[in-house]
1. Once you have the Cα-Cα distance between residue 81 and residue 66, take 0.36 nm times their residue separation minus that, and quote the gain in nm to one decimal.
2. Treating the beta-carbon of each Lys and Arg as +1 and of each Asp and Glu as -1, no other charges, what is the dipole magnitude of the chain about its Cα centre, to the nearest 20 debye?
3. Taking 0.36 nm per residue of sequence separation and subtracting the Cα-Cα distance, how much length would be gained by fully extending the chain between residue 34 and residue 108, in nm to one decimal?
4. Determine ³J(HN,Hα), in whole Hz, for all residues of the stretch 7-12 in sequence, where each value follows from phi through the Karplus function 6.51 cos²θ - 1.76 cosθ + 1.60 and θ = phi - 60°; x replaces Gly and Pro.
5. Can you give the Kirkwood hydrodynamic radius for the stretch 3-53, in Å, rounded to one decimal and based on Cα pairs?
6. Among the chymotrypsin sites (Phe, Trp or Tyr not before Pro) within the stretch 14-108, which fall in a DSSP loop and have no more than 15 other Cβ atoms within 10 Å of their own Cβ?
7. Of 47, 23, 34, which is farthest towards the positive pole of the stretch 1-63's charge dipole, taken about the Cα centre with +1 and -1 on the beta-carbons of Lys, Arg and Asp, Glu respectively?
8. Between 95, 86, 23, where does the largest GNM mean-square fluctuation fall for the chain, given springs only between Cα atoms within less than 10 Å?
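What follows is calculated from the coordinates using simple rules that are stated; it is not laboratory data. Source: prediction; values computed, not measured. As a convention, Cβ positions derive from the backbone with ideal geometry for all residues, glycine included, and neighbour counts pool all protein chains shown.
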Amino acid sequence: WLYRGACICSTRLCRDDQTTDQHVNFCMRRIELLLRFGIKPVVVFDGSVVPTKYDVDRKRKNSRKEALEKADQAYELGEYQAAEQHYSRSVQITHFIAREFIKRLAAK
C-alpha cells in the first residue's frame, strides 16, 4: 500500500518535498475501511536486505535511478505529465515514510 500511495504524490516525494502525507492518508483509508467491516489488519513491513534477492534489489535500484534521471529531465523541460510517470517508477519507500505510517497506525 505504501508504494501505491506514494505513486499519488511521487513528484513531491522524489523532489524531496517531505511536507506531503497523501501516501500515508491513502494507507490509512484502507486500514479504516478494514476496521469498519470488523477486520483487524496485520501490517507487515519488509526487514533488512535478503542476500538471495541481492540481484533483484540491485536491478530495481538501478531501474529507479534511471527513472528518476528521466523524470528530472522531463520536469526541467516542463513535460510534467511525462515527469510524473517517471517519478512514479522511481519512488522509493524510505524509513522516514514507513515511520510516518507506523506513527499514524499507533495513534489509531
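1. Details: separation 15, 0.36 × 15 = 5.40 nm, distance 1.71 nm.
Between residue 81 and residue 66, full extension yields an extra 3.7 nm.
2. Details: 20 positive and 14 negative charges, 127 e Å.
It comes to approximately 620 debye.
3. Details: separation 74, 0.36 × 74 = 26.64 nm, distance 1.28 nm.
So the extension gain works out to 25.4 nm.
4. Running phi through 6.51 cos²θ - 1.76 cosθ + 1.60 with θ = phi - 60° gives 5, 5, 10, 4, 4, 5 Hz.
5. Details: mean 1/r = 0.0768 Å⁻¹.
Here the Kirkwood hydrodynamic radius works out to 13.0 Å.
6. Details: sites: 26, 37, 45, 54, 75, 80, 87, 96, 101; in loops: 37, 45.
For chymotrypsin sites (Phe, Trp or Tyr not before Pro) across the stretch 14-108 that sit outside H, G, I, E and B with at most 15 neighbouring Cβ atoms in 10 Å, the list reads 37, 45.
7. 34
8. Among 95, 86, 23, the largest mean-square fluctuation in the Gaussian network model of the chain belongs to 95.
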